Amino acid sequence: MNPFRLAWLAVGLALAFPGFAWGDPPAAATPTDGPRLELDGDEPARAAHDPTPTGLGAPNDNAARQAMYERTSLLNNLTDKLINVHNKTTLGGYGEVEFVKAQGQDSYFNHHRYVLFFYSQIHPRITTSTELEFEFGGSPTKRDGVQATGEALLEFAVVDLKAADWLNFRAGVILVPFGAYNLRHDAPSQDLTDRPLALTTITPSTWFESGAGVFGKFDLGDHSLSYELYAINGLDAKITEAQGFKGAIGGKGEDNNDDKALVGRAAWAPSLKFEVAASGYRGQYDDEGRLVRMAGLDATARLGRLELQGELVRAWVDPGYVQGFSTSSPANTRAPVPTELFGWYAQANLHFTVPWLWDRLPADLNDAVCTAVLRVERNDPNRAVRNQYDVDKLTVGLNFRPVEGYAFKNEVQLVSNAADGVERSLWSGHWAWEPRYVGSVAFLF
């Protein structure tokens with residue numbers, strides 16, 4: 001279905017059945033209601049006020065409504081409007097600092113990212129959320145469609161309107177809902193430093209794009225069903241075997257064709273300890289109508305101290321050519337795009353304590369925990385050939401969290417690829433690994 005028809009259908013339902021779609025206004029809506037950014041320290045919002053105006057085009061005598069009227073008045077300048085900010089804005093974020101040592105390479109420290117979260121409740125039904133990220137110290141650079149070292153950009157900046165728990169409207173720079181990892185990629189919530197290879201190339205986490213759509217959640221007794229569905233600017237023709245779709249992420253203020261991609265994810269949770277979801281993407285990548293189609297599955301389970309998580313993604317690309325680079329760029333090869341991409345990862349996290357160590361910790365660190373991690377993964381960005389981009393990786397990690405929002409991570413990665421054209425998977429009997437150590441500190445504030 002055309003994404004705009006789908007959006008107008010949702011609007012029509014809300015308008016046609018106002019008593020059902022809009023439901024009762026939230027009496028004490030908080031920033032943790034619904035699938036929004038969850039930030040500690042949020043307080044209940046002010047109670048909803050009577051919106052009935054006292055005169056034509058004028059606000060009533062409610063102070064909050066008067067302040068909003070002053071903020072939107074054409075007679076006030078920016079300073080006057082800022083004085084009348086009456087809603088609460090919450091600031092938070094996270095950071096990550098790494099140390100890397102690979103075989104045959106110099107070791108180095110890497111201030112990978114520093115991220116700021118902003119959350120504001122404009123109205124009991126309207127919220128805005130923003131994620132501003134500085135990577136490698138900032139200094140944004142993008143050469144020939146590929147992000148280079150140094151970024152300062154908005155990865156998430158949306159405004160949400162709540163009609164009901166099952167129907168929320170969203171617009172802005174959207175975190176693309178393809179797979180669980182892209183939606184939950186924050187460093188403090190993950191137990192390994194490096195992201196799965198397939199989720200940095202085939203689904204280029206962090207994947208964000210301008211668009212609009214709907215999301216919501218249905219409570220079905222002990223079960224729940226949630227969904228996100230958006231029309232966004234789609235991928236372009238900078239699809240390469242080395243980068244996958246990473247260089248093909250669209251512009252936040254433009255699209256290279258008139259087609260808008262449709263992307264969505266539906267998740268079923270039979271309990272608070274288990275979730276399984278399916279994702280899909282469809283959109284043109286050039287002006288000739290050639291399509292990218294993607295399908296994904298992900299699952300997360302908590303079994304006492306053990307957590308299991310995994311994700312699988314497969315993409316099909318209509319035959320075409322790499323294009324969109326400048327004529328002087330060496331990347332402007334006009335080479336055929338890979339037509340089928342595939343990848344997956346599976347991970348186990350075991351949380352445990354060490355009694356003799358805990359006896360020596362300060363009393364205010366009684367919640368400290370260690371985590372042993374094992375991840376197996378594969379990335380194949382072109383199923384038609386076998387080469388150095390076919391990578392298998394085994395990662396073993398050990399973490400220490402003195403508090404939940406602060407993690408020391410240590411991991412050893414064993415990487416094998418098929419550079420000589422021979423299958424080098426862990427179970428093939430031809431494993432040829434290159435060791436790599438990564439340590440990091442991740443923190444949430």
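The values are calculated or read from the model by the stated rules, or taken from the named source; none is laboratory data. The structure displayed is predicted, hence computed values, not measured ones. Using ideal geometry, Cβ is built from the backbone for each residue, glycine included, and neighbour counts are taken over all protein chains shown.
List of remarks:
- Answer residue from the range 356-405, given it is hydroxyl-bearing (Ser, Thr, Tyr) and modelled with pLDDT of 95 or more and is nearest to Ala242 (Cα to Cα) among those: Thr395
- When the test is whether a residue is touching a strand residue (DSSP E or B) at 6+ places or on another chain (Cβ under 9 Å), of a type in the set (Val, Ile, Thr) and surrounded by 13 or more Cβ atoms within 10 Å (Cβ to Cβ), Val412 passes it.
- Restricting attention to the range 396-435 and to residues that are of a type in the set (Phe, Trp, Tyr) and under 23 Å from the mean Cα position of the chain (by Cα), the residue that is farthest from Gln105 (Cα to Cα) turns out to be Tyr406.
- The single condition among (1) among the charged types (D, E, K, R); (2) in a loop (DSSP other than H, G, I, E, B); (3) out of contact with any strand residue (DSSP E or B) (no Cβ under 7 Å at 6 or more places or on another chain) that Asp367 does not meet is (3).
- The condition (being farther than 25 Å from Leu132 by Cβ and crowded, with 21+ Cβ neighbours inside 10 Å) is satisfied by just one residue among Leu197, Leu175: Leu197.
- Tally of residues being within 27 Å of Met294 (Cβ to Cβ), at pLDDT 90 or above and part of a loop (DSSP other than H, G, I, E, B) across the range 136-176: 2
- Within the range 86-115, if we keep just the residues that are outside any strand (DSSP E or B) and modelled with pLDDT of 70 or more, the residue that is surrounded by the fewest Cβ atoms within 10 Å (Cβ to Cβ) turns out to be Gly104.
- Screening Ala348 on (1) in contact (Cβ under 8 Å) with a residue 40 or more places away in the chain; (2) exposed (fewer than 15 other Cβ atoms within 10 Å of the Cβ) shows it passes everything except condition (2).
- Which listed residue is in contact with a Ser or Thr (Cβ under 6 Å, 6 or more places away or on another chain), among the aliphatic types (A, V, I, L, M) and within 21 Å of Gln105 (Cα to Cα), from Val438, Val391: Val438
- The residues of the range 177-189 that are at negative phi, part of a loop (DSSP other than H, G, I, E, B) and modelled with pLDDT of 95 or more, listed by number, are Pro177, Phe178.
- Filter result for the condition that a residue is at negative phi, surrounded by 14 or more Cβ atoms within 10 Å (Cβ to Cβ), free of Cβ contacts under 8 Å to residues at least 60 places away in the same chain and of a type in the set (A, V, I, L, M), over Leu444, Leu398, Leu357: Leu398
- For the range 44-65, the count of residues that are within 30 Å of Asp191 (Cα to Cα) and either at pLDDT below 90 or not in a strand (DSSP E or B) (or both) is zero.
- In the range 210-221, the residues that are under 12 Å from Ala164 (Cβ atoms) reach residues that are among the acidic types (Asp, Glu) and assigned to a strand (DSSP E or B) with C-beta atoms within less than 7 angstrom, at least six apart or across chains, in these pairs: Phe215/Glu228.
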